[in-house]
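Peer 1: Quick one: this structure, given as structure tokens, is what I'll be asking you about.
The values are calculated or read from the model by the stated rules, or taken from the named source; none is laboratory data. The shown structure was predicted, so the numbers you read here are calculated from the model rather than taken from an experiment. Every residue, glycine among them, receives a Cβ derived from its backbone with ideal geometry; neighbour counts consider all protein chains shown.
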Amino acid sequence: MRYILLLGPPGCGKGTQVELLKKEGFKVLITGDILRNEIEKNSLLGERIKRIVNKGELVPDDLIVELMETIIKEDTSSDKDIIIDGYPRTVGQVEGFLKNHSDEKIIAVYLKVDKDILKKRLTGRRVCPVCKRVYHIEYNPPKNDMKCDVCNEPLIIRKDDEPEVIENRLSVYDKQTQPIVELFENKGLLRVIDAQRTISEIFTDIKEILM
Ligand code: AMP
């Protein structure tokens, strides 16, 4: 059993790849969705998380590490690899993660994309409010009329995909998340994928790593 950590800036296509992996039966944990579920519970914790996420900031490390490690523990009952999107996302979170899991079990997969392309991808992103499937108005549109292919719900723009918030998320990424790419590289655990190609080419590369 291995942990496949998907790394990359907002808009690098992690969400799209994770959906495809899920469809093929891979086990995936999506940190953003776990947080959005917590927000929907309207709990005190959810309220606190909502204020942070809506600004494009990162939820504090201690809270994320505790939340994610609890979920990972619940999930390690089988021998299946676990693909994780969005955690760890800071040097502090990597430290928390490495305390709980040994290096031999970790593969960090970095989806590399230039910044100008990221902005274009993020501003065109739409999601289904019900099943959370991710679309793009240009690169991956729904089959009809901006409605979800599965739920037929009108797609929405996520609050954190609004233009000012996108700018903030990209700058938070540069400061807090990009350093972890180097950290995994120095440990010899990093695989880099050119994520400026088609969705299916990137998917093929990820699956090759998972073989
Ligand atoms: P995502 O859907 O992965 O872009 O995540 C949406 C938002 O959830 C981010 O902009 C952060 O506010 C928050 N978030 C997701 N993952 C983490 C994490 N590992 N640490 C802190 N905040 C996170």
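Peer 1: Within the stretch 152-167, is there a residue that is surrounded by 15 or more Cβ atoms within 10 Å (Cβ to Cβ), under 20 Å from Ile180 (Cα atoms) and in contact with a helix residue (DSSP H, G or I) (Cβ under 7 Å, 6 or more places away or on another chain)?
Peer 2: Looking for residues that are surrounded by 15 or more Cβ atoms within 10 Å (Cβ to Cβ), under 20 Å from Ile180 (Cα atoms) and in contact with a helix residue (DSSP H, G or I) (Cβ under 7 Å, 6 or more places away or on another chain), one finds none in the stretch 152-167, hence no.
Peer 1: Which of the residues belonging to the stretch 132-163 are within 20 Å of Arg36 (Cα to Cα), in contact (Cβ under 8 Å) with a residue 60 or more places away in the chain and either part of a helix (DSSP H, G or I) or away from the ligand (no atom under 16 Å from the Cβ) (or both)?
Peer 2: Correct list: Lys159, Asp160.
Peer 1: Now for a separate question. Condition test on Gly56, is it more than 18 Å from Gln17 (Cβ to Cβ), of a type outside the set (Lys, Arg) and either more than 16 Å from the ligand (Cβ to nearest atom) or outside any loop (DSSP other than H, G, I, E, B) (or both)? Write out each step before concluding.
Peer 2: Numbers: more than 18 Å from Gln17 (Cβ to Cβ): yes; of a type outside the set (Lys, Arg): yes; either more than 16 Å from the ligand (Cβ to nearest atom) or outside any loop (DSSP other than H, G, I, E, B) (or both): no.
Spelling it out, it is not the case that Gly56 is more than 18 Å from Gln17 (Cβ to Cβ), of a type outside the set (Lys, Arg) and either more than 16 Å from the ligand (Cβ to nearest atom) or outside any loop (DSSP other than H, G, I, E, B) (or both).
Peer 1: Quick check on my filter: what residues within the stretch 59-75 are more than 11 Å from the ligand (Cβ to nearest atom) and not polar (S, T, N, Q)?
Peer 2: Those that are more than 11 Å from the ligand (Cβ to nearest atom) and not polar (S, T, N, Q): Glu66, Glu69, Ile71, Ile72, Lys73, Glu74, Asp75.
Peer 1: Across the stretch 76-112, what is the total count of residues that are under 18 Å from the mean Cα position of the chain (by Cα) and either polar (S, T, N, Q) or away from the ligand (no atom under 14 Å from the Cβ) (or both)?
Peer 2: Result for the stretch 76-112: 9.
Peer 1: Also, quick follow-up: When the stretch 33-53 is examined, which residues are found to be touching a residue at least 40 places away in the same chain (Cβ under 8 Å) and buried (at least 18 other Cβ atoms within 10 Å of the Cβ)?
Peer 2: Arg36, Val53
Peer 1: Shifting gears a bit: When you go through (1) under 18 Å from Phe184 (Cα atoms); (2) touching a Pro at 6+ places or on another chain (Cβ under 7 Å); (3) surrounded by fewer than 17 Cβ atoms within 10 Å (Cβ to Cβ) one by one for Phe97, which number turns out not to apply?
Peer 2: (3) is the only condition that Phe97 fails.
Peer 1: Between a first residue in the stretch 168-186 that is farther than 17 Å from Phe97 by Cα and a second residue that is at pLDDT below 95 and more than 10 Å from the ligand (Cβ to nearest atom), which pairs have beta carbons less than 8 Å apart while being 6 or more apart in sequence or on different chains?
Peer 2: Leu170/Lys115; Leu170/Leu118; Leu170/Lys119
Peer 1: Being near the ligand (Cβ under 9 Å from one of its atoms) and assigned to a helix (DSSP H, G or I) is the filter here, so list the residues in the stretch 25-53 that pass it. Even if it seems obvious, please write down each step before you answer.
Peer 2: To start, the set of residues in the stretch 25-53 that are near the ligand (Cβ under 9 Å from one of its atoms) comprises 30-36, 49, 52-53.
Hits for the stretch 25-53 are Thr31, Gly32, Asp33, Ile34, Leu35, Arg36, Ile49, Ile52, Val53.
Peer 1: Let me ask something else about it. If I filter the stretch 62-81 for residues that are in contact with a helix residue (DSSP H, G or I) (Cβ under 9 Å, 6 or more places away or on another chain), outside any helix (DSSP H, G or I) and in contact (Cβ under 8 Å) with a residue 40 or more places away in the chain, do I get at least one hit?
Peer 2: yes
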